[in-house]
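J.: Dumping the structure here so I can ask a few things about it.
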Amino acid sequence: MAEVIKINETTYRIEDGGVRFYVFCGKEKAAVIDTGMNTPDAMEIVKTVTSLPLVLVNTHADPDHISGNGSFDTVYMSPAEEENYREHNGKGDFIPVREGDVIDLGERTLLVIDIPGHTPGSIALLDEKNRVLVSGDSVQNSHIFMFGEKRDLPLFIKSLEHLKEYDGRYDEVYPMHGDFPQKPDLVEKLIEGAGKILEGKAEGTETELFGNKVMLYKFPFAGFLYKE
Ligand SMILES: [Zn+2]
């Protein structure tokens with residue numbers, strides 16, 4: 001059963017076990033950011049907290065982020081993510097968003113930042129007014145999935161370095177997994193950790209996930225599930 005938690009008067013997080021999604025209300029519209037893993041009723045859940053017209057935005061299209069997308073006609077997402085979305089049976093028309101695009105909710109905006117690597121079209125969303133960054137799965141303190149097709153660890157590092165160009169413009173990171181919220185300095189830690197893995201300087205343990213043997217690299221700040 002999903003739990004709705006009010007962060008402040010205009011912001012909510014919906015927790016569903018291992019994953020969460022968000023509602024950011026502006027003056028004219030509310031953004032639903034992802035729709036969770038076991039919440040096909042995401043739209044109904046969101047309507048319990050706001051009567052504003054809703055727009056759906058996806059940080060990326062892995063199955064644990066799109067379970068409630070079917071209730072929406074359109075979705076803001078990176079065009080680089082469309083293949084991943086359709087492969088997971090994602091419905092609705094794309095409104096492609098790219099680096100620098102702004103989703104205007106009325107006196108509250110979401111600036112799109114491209115951070116491919118975890119998936120080809122992963123994005124972060126910067127709510128400049130409230131100094132919050134929604135990071136999807138790319139900046140979080142749980143296990144970051146970096147194995148299998150479509151994942152790219154060197155690109156992930158490059159994207160987080162790009163994200164650092166936004167340092168000073170947000171005070172908190174809202175991730176979809178792990179502890180809520182996170183501090184911006186996690187970005188630098190993840191860059192260092194991922195770099196150590198690539199250099200062969202990190203110690204991992206073999207683990208099995210969905211029938212795949214992968215390596216788990218555990219750092220004090222997060223873990224990476226990775227396969228060369
Ligand atoms: Zn996820």
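J.: Could we say that Lys164 is surrounded by fewer than 20 Cβ atoms within 10 Å (Cβ to Cβ), charged (D, E, K, R) and in contact with a helix residue (DSSP H, G or I) (Cβ under 9 Å, 6 or more places away or on another chain) here?
T.: On the way: surrounded by fewer than 20 Cβ atoms within 10 Å (Cβ to Cβ): yes; charged (D, E, K, R): yes; in contact with a helix residue (DSSP H, G or I) (Cβ under 9 Å, 6 or more places away or on another chain): yes.
So Lys164 fits the description; yes.
J.: Could you check, for the range 37-57, whether at least one of its residues is in contact with a Lys or Arg (Cβ under 9 Å, 6 or more places away or on another chain), more than 18 Å from Ile103 (Cα to Cα), modelled with pLDDT of 95 or more and buried (at least 19 other Cβ atoms within 10 Å of the Cβ)? Spell out how you get there, then give the answer.
T.: First pass over the range 37-57, keeping only residues in contact with a Lys or Arg (Cβ under 9 Å, 6 or more places away or on another chain): 49, 52-55.
Restricting the remaining residues to those that are more than 18 Å from Ile103 (Cα to Cα) gives 49.
Okay, now just the ones that are also modelled with pLDDT of 95 or more, so 49.
Among the residues that remain, those that are also buried (at least 19 other Cβ atoms within 10 Å of the Cβ) are: none.
The answer is no, given that none of the residues of the range 37-57 is in contact with a Lys or Arg (Cβ under 9 Å, 6 or more places away or on another chain), more than 18 Å from Ile103 (Cα to Cα), modelled with pLDDT of 95 or more and buried (at least 19 other Cβ atoms within 10 Å of the Cβ).
J.: Right, Ser135: in a strand (DSSP E or B) and of a type in the set (S, T, N, Q) or not?
T.: Details: in a strand (DSSP E or B): yes; of a type in the set (S, T, N, Q): yes.
Judged against the criteria, Ser135 is a match.
J.: The conditions are (1) over 26 Å from Glu128 (Cα atoms); (2) within 16 Å of the ligand (Cβ to nearest atom), and Asn69 fails exactly one of them. Which is it?
T.: Here Asn69 clears every test but (1).
J.: In the range 105-122, is there at least one residue being exposed (fewer than 14 other Cβ atoms within 10 Å of the Cβ), of a type in the set (Lys, Arg), away from the ligand (no atom under 16 Å from the Cβ) and not in a strand (DSSP E or B)? First the steps, then the outcome.
T.: Taking the range 105-122 and keeping what is exposed (fewer than 14 other Cβ atoms within 10 Å of the Cβ), we get 106-107.
Narrowing further to those that are of a type in the set (Lys, Arg): none.
No: zero hits.
J.: Among residues belonging to the range 139-161 that are assigned to a loop (DSSP other than H, G, I, E, B) and more than 10 Å from the ligand (Cβ to nearest atom), point out the one that is surrounded by the most Cβ atoms within 10 Å (Cβ to Cβ). Spell out how you get there, then give the answer.
T.: Residues of the range 139-161 that are assigned to a loop (DSSP other than H, G, I, E, B), as a first pass: 139-142, 147-152.
Filter again for more than 10 Å from the ligand (Cβ to nearest atom), leaving 139, 141, 147-152.
Details: Val139: 27, Asn141: 21, Phe147: 18, Gly148: 13, Glu149: 8, Lys150: 17, Arg151: 20, Asp152: 16.
So the residue we want is Val139.
J.: Scan (1) assigned to a loop (DSSP other than H, G, I, E, B); (2) more than 16 Å from the ligand (Cβ to nearest atom); (3) closer than 22 Å to Ile45 by Cβ; (4) in contact (Cβ under 8 Å) with a residue 40 or more places away in the chain for the single condition Tyr170 breaks and write down its number.
T.: The one condition Tyr170 does not meet is (3).
J.: Which of the residues spanning the range 1-59 are closer than 19 Å to Gly136 by Cβ, of a type in the set (Ser, Thr, Tyr) and away from the ligand (no atom under 14 Å from the Cβ)?
T.: Hits for the range 1-59 are Thr11, Tyr12.
The values are calculated or read from the model by the stated rules, or taken from the named source; none is laboratory data. Keep in mind it's a predicted model, so treat the numbers as computed, not measured. No Cβ is skipped: glycine too gets one built from the backbone with ideal geometry, and neighbour counts run over all protein chains shown.
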